[in-house]
């Protein structure tokens, strides 16, 4: 008989959690609640004696602040809403409660017994009806993807005597079986693929059949007791061949045609042409590039004794379904990549990029989650995932566009640090050898993430696990992280990789290639609950797991350390040199495939790409006369959602843990203006640091994705230079998120154009990285950023995201004491502009503000930029810049205002002195988004030295810093066009999100 | 540096400030060792070998049942007696953030109410009034003539807070006792050093009486929500680039002292023990 413990704050204590619900009900739903109190419920599905119950109650109740009872607590309400997880959803508090109770009572939970947490909200409000209450449950408190809820009025409550006891236990009642798949024809195999959601590419099917029909293969399989392929084998092939794991799109063959000129370009693999080859060439020139293009993250030299490693990922589809769990799984998941790089790296920082619809969207489309709720969930997921991992989240960005209503983007980036040598061997190298044990560490395996989102269409029942959407468990992972670093330092790890997409099928399959084979005993894999089929164990994406190769002589020590750290580790097989991926279950073979089959000649994906230049698409510059009310314009521009302050997000994220914070995400006198980049010391005994920044400029894709990509890279580069990174030793990470590029006349009629955009952006990536000398330390792509949304007439509309590339830049800062921030420091300093302002307002914030796109998209002149960046780096190194800030989205006007707001000092600026390519109107000077530019302030004493360093660059003094905190801008014709208090500017900038916490 | 003072820094089970806390103790001149909670609970390592013990920041056991609650339970039931003996023989204990929450849940702080085994809980650290986790720097003022050994000679300091559950709460008579015993070591203040009077964000969490840190009656057990170990290098301070520019122009050295506020606080503990007769 389950026991249900209710715990809540004493009635006289304010309930902060309840207050947040109250505020959101008012802000989001317009529902006024008088009071919300939250009760935390612990449902213990185990036999406990009254004395044991009392002991549990004592542990989980704080006598100073809380009351509790094994019966419903007498908290007043008009309506009560109970919210609990669906069966099989990761319940982190439930797991720690189980661990604690088991230890405290000295009892072991039997199979099937468990502890579940849930919440009961007690709402008081006049005239609240069932519909409004249900809306609060569905739109604020619970997500039906992972949670269930019950709504009861006080009279219903009295009638039923409470909510009752709900135990979300998984009961599968299923005997694991390995099925065989008929392959008598391509059609038969394709039919099975569809039925089982294998998502096999039709072009791959003949290759797969051919393999299993080969006489030699069949003879070998007979000796192993197999004939036709098993489900586990096909699931494995499907995983390895998926676009997610194999990057078929980027490895595809593109026929690119320019519809204006008729020129045709054939590109055999965008990855090889634009990413791999340029990076390998740069690695030859740059000795600090240590390991790229093969491991979970790229490695670069930090100092004589350390390398840093970096990678970036996206977690878009899961976050779109369940924002909190999806984003959390994203950040916690990307943190396993550095852990699984070389022999393992310690995590030192993380970054994020969120793209979503507008928070105040009130149009016709009905996404699963309203953009505001989605963004709230994403922010919270990265908060809990990052903060609880003990890794500082030092940089991030948020971008709003209606195109992300179809699918949001959640970028997550991770940086780790590793010693150059572990027990005398290079830490960035790893390999498996025959005889090494295959060890799975960390969490257990359930039905989580199997077939990703395709599972979402399955019908729920009360006991089927809703595991396809996952919730990360940073606590379990943090324990594993600490353990694995100890094991690494003792030299116990020969190979390590994470279990992410594809689960064991990827991690074991890839690691077995080094040794030349493996034998896996699937029945050894620890499960969350019984009843999983063999193929499910093999491909499950249950989180917080690493696969490690341990030499037999190190197994005892490895397991002793694992026990010391309270981490579960299990030997699940061993590596061989058989050439085979051999999987067994209870002694019977259920998979037997040649490892090199996956390297065989599967057909390359083919794409037609057709580029229609902007003018042919009818894009042109707007007809626009210069405005007169610049004070108002500047304030309104500052208040645009894509420019306004993101302080509310930054403050939720621990950006200082680990003690190495040098430049924080918020800087300035009031510590509330966004920094160009973050700087962090990963090695506390060193004065060296890592500078890190990210950029994304998807709006430019509306005109030309080539310039979107070059401008994005340029922005990320300028950001790290602005804080003091050396311009000539920058590493990059590219993360592409693109709508579907496979043409289909009905479902994707503009597929060829989207393919051309992808080709152009990849060529731009190559060009910019070559020009700036940036090796791509890591990168990923996520295709299919499209969604089908219900509209107001019950139709569905396809919504595709803007082609988006996030670019991350890193560099090692040799001496942190030389770093600078963007805020003005002292009155009397001179304000200079570096770089040329041109008539480049196409897809700018200013044009968007007025409802235009335009045609003159900003373009990067890389040769000119290089010279300017070298000068900025030199000037910072010689300490002659008091502040340095890049000019980014919104242009000079916005960024002059931000620099002034940073120091809370005034400025007088004369636009007539701004270096420009041609005579430009005031609004163009203020809001052009020309790349390559900086605003720097310089003390009178340092002026001469600085001017000498910038010799030959576009570099001009445009004004002065004033004590009086007022921004005064003189226009080209000599008249004062802006005169606004810096306070007022800041208020405007904080207007969109300033009341969020 | 002399290695006569031995410091134990806890690690494991979701704690995450162990490396920088250990680094801070090393900078303060201690011989420091990071020790996994399990090593203490299993008695592989005993407190007998140490003079200072640090309960560090993090999310022990995920902190899902009230911050520090599970850690407090495990430590109390596992080595509660050892801890009492450790403090009894003159050992110092500092609890930072999650460590403070743990000491409070063990009753070691404020250590004024007798319980079944050692002290009972009399104060609590609960969810911030703002309803969210918050990372920000705060100004702190130290209680004058306070018994706490860690803040000796310090009047004001700047440190970061990073927590979701840092609101100090207790009932009025307990608060009176703490005031009378000068056990309220640190209070949140404005930039001029005046008490924040509950005003957000100077008081970042809604703590009653602006309480940021307290000690036990002996002054040798100290807990605080702000993170001294996160201000052990001059570049940790959010305003350092500005201060550097202004100092350079005024011809002043920068940084003016190699010892930051956070390091001073840790160093006070180490120096206290190093004084003759204490170790």
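The values are calculated or read from the model by the stated rules, or taken from the named source; none is laboratory data. Please read all numbers here as calculations on a predicted model, not as lab measurements. Neighbour counts run over all protein chains shown; Cβ positions are idealised from the backbone, glycine included.
Structure notes:
- Within segment B:207-224, the set of residues being closer than 17 Å to residue B:170 by Cα and either surrounded by fewer than 20 Cβ atoms within 10 Å (Cβ to Cβ) or free of Cβ contacts under 8 Å to residues at least 24 places away in the same chain (or both) comprises B:208, B:209, B:210, B:217.
- Consider segment A:942-984 and keep the residues that are under 38 Å from the mean Cα position of the chain (by Cα) and in a helix (DSSP H, G or I). The one that is surrounded by the fewest Cβ atoms within 10 Å (Cβ to Cβ) is A:983.
- Verdict on residue A:521 being more than 30 Å from residue A:100 (Cβ to Cβ), touching a helix residue (DSSP H, G or I) at 6+ places or on another chain (Cβ under 8 Å) and touching a residue at least 24 places away in the same chain (Cβ under 8 Å): no
- Within segment A:1-14, considering residues that are within 8 Å of chain B (Cβ to nearest Cβ) and part of a loop (DSSP other than H, G, I, E, B), the one farthest from residue A:995 (Cα to Cα): A:13
- Selected residue (only one of B:247, B:230 is within 30 Å of residue A:881 (Cβ to Cβ) and buried (at least 24 other Cβ atoms within 10 Å of the Cβ)): B:230
- Selection from segment A:377-392 of residues that are in a helix (DSSP H, G or I) and facing chain B (nearest Cβ under 7 Å): A:383, A:387, A:388
- Segments classed as helices (runs of 4 or more DSSP H), wholly inside segment A:181-263, with at least 3 members that are surrounded by 14 or more Cβ atoms within 10 Å (Cβ to Cβ) and without any contact (Cβ under 8 Å) to a residue 60 or more places away in the chain: A:186-195, A:205-213
- A count restricted to segment A:342-366 and to residues that are surrounded by fewer than 24 Cβ atoms within 10 Å (Cβ to Cβ) and in a loop (DSSP other than H, G, I, E, B) stands at 8.
- Residues of segment A:15-58 satisfying the condition of being away from chain B (no Cβ under 12 Å), crowded, with 18+ Cβ neighbours inside 10 Å and either assigned to a loop (DSSP other than H, G, I, E, B) or under 30 Å from the mean Cα position of the chain (by Cα) (or both): A:25, A:31, A:33, A:46, A:48
- Counting the residues of segment A:303-341 that are surrounded by 24 or more Cβ atoms within 10 Å (Cβ to Cβ), out of contact with any helix residue (DSSP H, G or I) (no Cβ under 9 Å at 6 or more places or on another chain) and in a loop (DSSP other than H, G, I, E, B) gives 1.
- Candidates A:353, A:340, filtered to the one that is more than 13 Å from chain B (Cβ to nearest Cβ), over 23 Å from residue A:661 (Cβ atoms) and touching a residue at least 24 places away in the same chain (Cβ under 8 Å): A:340
- Checking every residue in segment A:638-660 against the condition of being more than 14 Å from chain B (Cβ to nearest Cβ), under 24 Å from residue A:986 (Cα atoms) and free of Cβ contacts under 8 Å to residues at least 40 places away in the same chain gives zero matches.
- When residue A:511 is tested against the conditions (1) modelled with pLDDT of 95 or more; (2) crowded, with 23+ Cβ neighbours inside 10 Å; (3) in contact with a helix residue (DSSP H, G or I) (Cβ under 6 Å, 6 or more places away or on another chain), the lone failure is (3).
- Where residue A:994 falls short, out of the listed (1) over 30 Å from residue A:710 (Cα atoms); (2) outside any loop (DSSP other than H, G, I, E, B): (2)
- Residue within segment A:416-425 that is surrounded by 24 or more Cβ atoms within 10 Å (Cβ to Cβ) and closer than 27 Å to residue B:63 by Cα present: yes
- Residue within segment B:139-157 that is surrounded by 16 or more Cβ atoms within 10 Å (Cβ to Cβ), farther than 23 Å from residue B:262 by Cβ and in contact (Cβ under 8 Å) with a residue 12 or more places away in the chain present: no
- Within segment B:1-39, being away from chain A (no Cβ under 14 Å) and crowded, with 24+ Cβ neighbours inside 10 Å holds for B:5, B:7, B:8, B:30.
- Residue in segment B:40-51 that is outside any loop (DSSP other than H, G, I, E, B) and within 14 Å of chain A (Cβ to nearest Cβ) present: yes
- Across segment A:91-146, the number of residues qualifying as without any contact (Cβ under 8 Å) to a residue 60 or more places away in the chain, away from chain B (no Cβ under 14 Å), buried (at least 20 other Cβ atoms within 10 Å of the Cβ) and more than 30 Å from residue A:366 (Cα to Cα) comes to 0.
- In summary, residue A:4 fulfils each of the numbered conditions (1) touching a strand residue (DSSP E or B) at 6+ places or on another chain (Cβ under 7 Å); (2) modelled with pLDDT of 95 or more; (3) closer than 16 Å to residue A:109 by Cα with the single exception of condition (3).
- Look at (1) more than 20 Å from residue B:226 (Cα to Cα); (2) out of contact with any helix residue (DSSP H, G or I) (no Cβ under 6 Å at 6 or more places or on another chain); (3) facing chain B (nearest Cβ under 10 Å) and you find that residue A:669 fails only one, number (2).
- Being in contact with a helix residue (DSSP H, G or I) (Cβ under 9 Å, 6 or more places away or on another chain) and either farther than 21 Å from residue B:269 by Cβ or within 11 Å of another protein chain (Cβ to nearest Cβ) (or both) is a property that residue B:203 has.
- Qualifying residues in segment A:524-537 (those that are assigned to a helix (DSSP H, G or I) and in contact with a helix residue (DSSP H, G or I) (Cβ under 6 Å, 6 or more places away or on another chain)) - the one farthest from residue A:111 (Cα to Cα): A:535
- Members of segment A:61-90 found to be within 14 Å of chain B (Cβ to nearest Cβ) and in contact (Cβ under 8 Å) with a residue 40 or more places away in the chain, listed by number: A:61, A:65, A:66, A:67, A:68, A:85, A:90
- Filter pass, residue A:905 being within 39 Å of the chain's Cα centre (by Cα), closer than 27 Å to residue A:879 by Cβ and buried (at least 17 other Cβ atoms within 10 Å of the Cβ): yes
- Here B:147, B:160, B:201 are screened, and the one residue that is within 27 Å of residue A:650 (Cβ to Cβ), within 18 Å of the chain's Cα centre (by Cα) and at pLDDT 95 or above is B:160.
- Which listed residue is in contact (Cβ under 8 Å) with a residue 24 or more places away in the chain, crowded, with 24+ Cβ neighbours inside 10 Å and under 13 Å from the mean Cα position of the chain (by Cα), from A:409, A:374: A:409
- Pick from segment B:58-97, criterion within 9 Å of chain A (Cβ to nearest Cβ) and in a loop (DSSP other than H, G, I, E, B), ranking: surrounded by the most Cβ atoms within 10 Å (Cβ to Cβ): B:59
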